[in-house]
Amino acid sequence: MPIPWYEINTAAQSNNLHERRAIGKVAMDAFSQIILLIAVVSFITFQWLFHSVSPWVSSRVSQGFLRLNPKQKIEWNSRTVSTFHALVVGLFCLYILLFDDAVNQDPVWGDPTLVKINVGITTGYLISDLLLIFYYWRAIGDKFFVIHHLAALYAYYYVLGQGMLPYFANFRLLAEFSTPCVNQRWFFEVLGYPKSSRPNIANGMLMAAIFFLVRIAVMPVYYTRMYAVYGTEAFYRVPLGGRGAWIFSSFCLDVMNIMWMHKIARGCYRVMRSRHRPKAPLQENGKAD
């Protein structure tokens with residue numbers, strides 16, 4: 001008995017669907033391997049920058065680097081690498097926010113290709129930095145940085161593994177734009193620049209402004225977008241662990257951002273107050289009253 005034409009068509013469509021799914025799965029597996037490779041290369045690159053590139057460049061760019069003690073040199077190299085990572089990832093993040101329509105239109109399940117690449121670079125850096133923090137704990141150990149890195153890695157696991165929440169993962173990387181000024185503040189301090197010097201004050205004011213813009217002022221935008229997708233079908237497709245990572249890491253990072261912003265604001269206030277404080281009048285012998 002011949003097979004009806006509609007059953008043949010249905011079988012053909014089913015086979016085509018299975019083939020497309022198989023091809024898509026192979027493509028996804030291949031891309032996942034590429035992202036893993038990016039993270040590994042990122043880790044190796046940042047270790048190389050810390051151990052080789054930063055000491056070589058710094059000793060030629062700044063004579064003050066040669067006068068630092070071993071602990072200071074470790075932190076100098078760590079901050080140099082941190083600045084490089086922040087500029088690369090921050091600019092990539094800004095490009096995605098401005099031009100990646102798929103992610104902006106569907107913040108939960110939009111095409112995460114570019115975001116995964118950026119997060120892969122950051123993952124390699126975070127693991128590299130954690131290794132350095134633990135190995136050189138006496139020089140650069142900081143429990144808040146450990147919490148920050150672990151919270152970020154926990155959230156990025158779901159981004160890289162399942163491609164979920166690309167918009168929110170990328171949005172978080174905006175915070176990296178404040179890192180160069182924070183590091184430059186430390187560079188000025190260790191090189192002996194007075195806090196009242198013009199370069200230090202200019203960097204401090206810029207640091208406070210950028211830190212506020214990319215870490216504090218953006219909070220309403222971030223949580224408004226989070227609230228907008230809450231309860232939608234896309235939201236419930238995110239597994240419970242992914243939702244926990246998203247909300248928990250966001251809360252932890254923002255609590256630390258508020259704490260750091262408070263410290264920065266207090267520091268700026270003290271510096272500006274000392275600048276405007278009238279100097280004590282001098283007697284004829286040159287001594288203050």
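Readers should treat all values here as calculations from the given coordinates under stated rules, not as data from a laboratory. All values derive from a computational prediction rather than experimental measurement. Because the Cβ atoms are built from the backbone with ideal geometry, glycine has one as well, and the counts that use them run over all protein chains shown.
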Estimated 222 nm signal from helices in the chain, with DSSP H stretches of n ≥ 4 weighted -39500 (n - 2.57), rounded to 500: -25500 deg cm²/dmol
Length released on extending from Asp106 to Trp260, taking residue separation times 0.36 nm less the Cα-Cα span: 52.3 nm
Derived scalar couplings ³J(HN,Hα) [the range 105-119; Karplus, 6.51 cos²θ - 1.76 cosθ + 1.60; whole Hz; x for Gly, Pro]: 7, 10, x, 9, 10, x, 3, x, 3, 5, 5, 4, 4, 5, 5
Fewest-first ranking of Met259, Met226, Met164, using other Cβ atoms within 10 Å as the exposure measure: Met259, Met226, Met164
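Order 206-215, 178-187 from most to least packed using the mean count of other Cβ atoms within 10 Å. All intermediate terms of the calculation are to be shown ahead of the outcome.
Working: 206-215: 17.8, 178-187: 20.0.
The most tightly packed comes first, giving 178-187, 206-215.
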Spherically averaged projected area in nm², based on the convex hull that wraps the Cα atoms of the chain: 21.9 nm²
FRET efficiency, 1/(1 + (r/R0)^6) with R0 35 Å, evaluated for Trp137 and Tyr230 via beta carbons: 0.30
Where Cα atoms sit under 19 Å apart: lysine pairs in the chain separated by 8 or more or lying on different chains: 6
Neighbour-count ranking [beta-carbon atoms within 10 angstrom, fewest first] of Glu176, Glu75, Glu233: Glu233, Glu75, Glu176
Contact order normalised by residue count of the chain, Cα under 8 Å, 6+ apart, percent: 19 percent
Residue exposure sequence - Val61, Val103 - by fewest surrounding Cβ within 10 Å: Val61, Val103
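Would you kindly state how much longer the chain becomes between Lys71 and Trp48 on full extension, computed as 0.36 nm times their sequence separation minus their alpha carbon distance, in nm to one decimal? Intermediate values should be presented prior to the final figure.
Details: separation 23, 0.36 × 23 = 8.28 nm, distance 1.85 nm.
Between Lys71 and Trp48, full extension yields 6.4 nm more.
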Positive dipole terminus of the chain, leading residue within Ile127, Tyr269, Leu49 (C-beta point charges): Tyr269
Extension gain (nm, one decimal) between Phe251 and Leu94, 0.36 nm per residue minus Cα-Cα: 54.3 nm
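Size of the dipole of the chain about the Cα centre, Lys and Arg at +1 and Asp and Glu at -1 on the beta carbon, nothing else charged, in debye to 20? Could you put the intermediate results ahead of the total?
Values: 27 positive and 16 negative charges, 329 e Å.
It comes to approximately 1580 debye.
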